[in-house]
Every structure is written in structure tokens, then in C-alpha cells.
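The structure appears right after this line, and notes come after that.
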Amino acid sequence: MELLSRRSTHRISWLFAGVVTCLVIAALMVPKGEDVLWINGNHHPSLDLFFSVATHLGEGWVFLPFMLFYIRSNGWFSLVLGASLFAQGILCSVLKRQIFSYLTRPATMLDHSLLHFVPGVDVHSNYSFPSGHTATAFCLAFTLSLLARRWQVTLLAMTMSLIVGYSRIYLLQHYLMDVAAGAAVGLLSALLIWNFVKPLDRTGSGMWRPPILQP
């Protein structure tokens, strides 16, 4: 069981790492700004509605239903989710507001006549790098995949996180590089928390308990 657990964890980790790597490579290959012009330029009223709603899946409150669900069956799972959310939030804040605070968002750099502004969406100007929404989405997706170890959950969670990242570009909030960096931050934060709490597992089944309750 423990061997299977380790194999599942490694496969999930490599899958997410591969997706993040592809995002980074794409961001490096596409000139900054052209990514936004292409994604935002392919707009439609139905896509405006879809992405303006879907982008909220990258907000921190999305963690809460899963934390409440797990807290009744396994408090440690809930703790992992909460700690992962906190870690990626702190890391994103430091990067966005301290180290890369000088980087601005697409609406401040690109010709407005070339852009499509989605009605009802407040387009921000500052703190572009990295994308906090994407970091939150990837952090949640990766953590849920590790906890559930079901390919259906991994596929759904990965799709959700990619949609959030795409929505941030479509809505003129970020560049592709911001999204790629956000995905990396979310993945690394979740990995750090997972590796920190995993040694507490003494059952071999993934069901964590405080050491004092170990048989």
C-alpha cells in the first residue's frame, strides 16, 4: 500500500511539473503581449460570461468547502489544505508586492484599441507577477490530487486550474508568464507543505493522525 501510495504521489507530481514546465516554455517562446492580444482577441459574449465566472475559482474561498468536507472525516487532510493555501498566499504576496512590485499588468502596457474589456470586470494595473489566482488554483488542484489519488479528481482539478489561468489572460489581468509563474508557485507551495506533513503518516494508508494517537 505504501509503495502504491508513493508511486501515485510521484506520478501526480511529475504530471503537474510537466504542465507547469510547458507553461513556462510557452511563456518564454511567445513575445510578451502577443499572448494577451491573441487570447483576449478571440473573445465572444459567451466566453466573457464563462471566464468572468470561472476566474473566481482561483480565489482562496474555494479551499473552504474541501476543508469543511475533510475536517469531519480526516482533520489532517483539512490541515494540509489550509496550510497549502497559507503558504502559497504568503509566497505570492512577497513576490508580487515586494520583489516584482514594479511589473504592471497588460492594460497599462498595451494599446487599449487592441483590447477587449469584458463588461463588469475590474481590470487591475499593478502587481502583475505572479498570478495569485493561478497559484491558488494550482495549489488546490495539486493538493486535492495528492489527497484523493483518483485520476478523475486529478483530471478535473488540472482542467480547473488551467481554465483559471487562461481566464486571467482573457480578462486582461495577467500575461502568460505571470500565469506560468503562478502555477509554479502553487505547485511548489503545495509540495513543500506535503513533504512537511507526510512524515506524520504512520499508517501507510495516507490517513494521518497526530503522533500521540498512533498505535
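The values are calculated or read from the model by the stated rules, or taken from the named source; none is laboratory data. What you see is a predicted model; the values in this text were computed from it and never measured. Positions of Cβ are backbone-derived with ideal geometry, glycine not excepted, and every protein chain shown enters the neighbour counts. All accessible areas refer to the heavy atoms of the entire protein, side chains included, with ligands and DNA or RNA removed. Shrake-Rupley method; radii C 1.70, N 1.55, O 1.52, S 1.80 Å.
Going through GLY60, GLY33 one at a time, which residue ends up being surrounded by 15 or more Cβ atoms within 10 Å (Cβ to Cβ) and in contact with a Ser or Thr (Cβ under 9 Å, 6 or more places away or on another chain)?
On the way: GLY33 fails: in contact with a Ser or Thr (Cβ under 9 Å, 6 or more places away or on another chain).
When all the criteria are applied, what remains is GLY60.
ILE193 - would you say it is part of a helix (DSSP H, G or I), open to solvent by less than 20 Å² (accessible area, probe 1.4 Å) and touching a helix residue (DSSP H, G or I) at 6+ places or on another chain (Cβ under 9 Å)? No: the conditions fail for ILE193. In segment 79-127, how many are under 27 Å from ALA141 (Cα atoms), open to solvent by 70 Å² or more (accessible area, probe 1.4 Å) and assigned to a loop (DSSP other than H, G, I, E, B)? Looking only at that region, the number is 4. The set of residues in segment 129-155 that are over 12 Å from LEU187 (Cβ atoms) and either without any contact (Cβ under 8 Å) to a residue 60 or more places away in the chain or in contact with a His (Cβ under 7 Å, 6 or more places away or on another chain) (or both) comprises PHE129, SER131, ALA148, ARG150, TRP151, GLN152, VAL153, LEU155.
How many residues does segment 41-78 hold that are part of a helix (DSSP H, G or I) and either more than 28 Å from ASP122 (Cα to Cα) or among the aromatic types (Phe, Trp, Tyr) (or both)? Step through it out loud before you land on a result.
Step one: list which residues in segment 41-78 are part of a helix (DSSP H, G or I), which gives 41, 45-58, 60-73, 75-78.
Applying the additional criterion that residues be either more than 28 Å from ASP122 (Cα to Cα) or among the aromatic types (Phe, Trp, Tyr) (or both) yields 50-51, 61, 63, 66-73, 75-78.
Of the residues in that region, 16 qualify.
Scanning for something under 19 Å from the mean Cα position of the chain (by Cα), surrounded by 15 or more Cβ atoms within 10 Å (Cβ to Cβ) and either farther than 20 Å from ALA137 by Cβ or of a type outside the set (Lys, Arg) (or both), does segment 40-47 turn up at least one residue? Quick ask: steps written out before the conclusion?
The initial filter retains those residues of segment 40-47 that are under 19 Å from the mean Cα position of the chain (by Cα), namely none.
Scanning segment 40-47 turns up no residue that is under 19 Å from the mean Cα position of the chain (by Cα), surrounded by 15 or more Cβ atoms within 10 Å (Cβ to Cβ) and either farther than 20 Å from ALA137 by Cβ or of a type outside the set (Lys, Arg) (or both).
Screening VAL153 against (1) assigned to a helix (DSSP H, G or I); (2) at pLDDT below 95; (3) open to solvent by 30 Å² or more (accessible area, probe 1.4 Å); (4) more than 24 Å from TRP61 (Cβ to Cβ) leaves a single unmet condition, (4).
Please specify each residue of segment 158-167 satisfying the condition of being touching a helix residue (DSSP H, G or I) at 6+ places or on another chain (Cβ under 8 Å) and open to solvent by 10 Å² or more (accessible area, probe 1.4 Å).
Going through segment 158-167, the residues touching a helix residue (DSSP H, G or I) at 6+ places or on another chain (Cβ under 8 Å) turn out to be 158, 160-167.
Once the filter is applied, which keeps residues that are touching a helix residue (DSSP H, G or I) at 6+ places or on another chain (Cβ under 8 Å) and open to solvent by 10 Å² or more (accessible area, probe 1.4 Å), segment 158-167 yields MET158, MET160, LEU162, ILE163, TYR166.
Does ALA184 satisfy the criteria of being among the hydrophobic types (A, V, I, L, M, F, W, C), open to solvent by 10 Å² or more (accessible area, probe 1.4 Å) and within 10 Å of the chain's Cα centre (by Cα)? Yes; evaluated as a whole, the condition is true for this residue.
Tell me yes or no: at least one residue of segment 128-149 is charged (D, E, K, R), surrounded by fewer than 24 Cβ atoms within 10 Å (Cβ to Cβ) and out of contact with any Ser or Thr (no Cβ under 6 Å at 6 or more places or on another chain). No - not one qualifying residue is present in segment 128-149.
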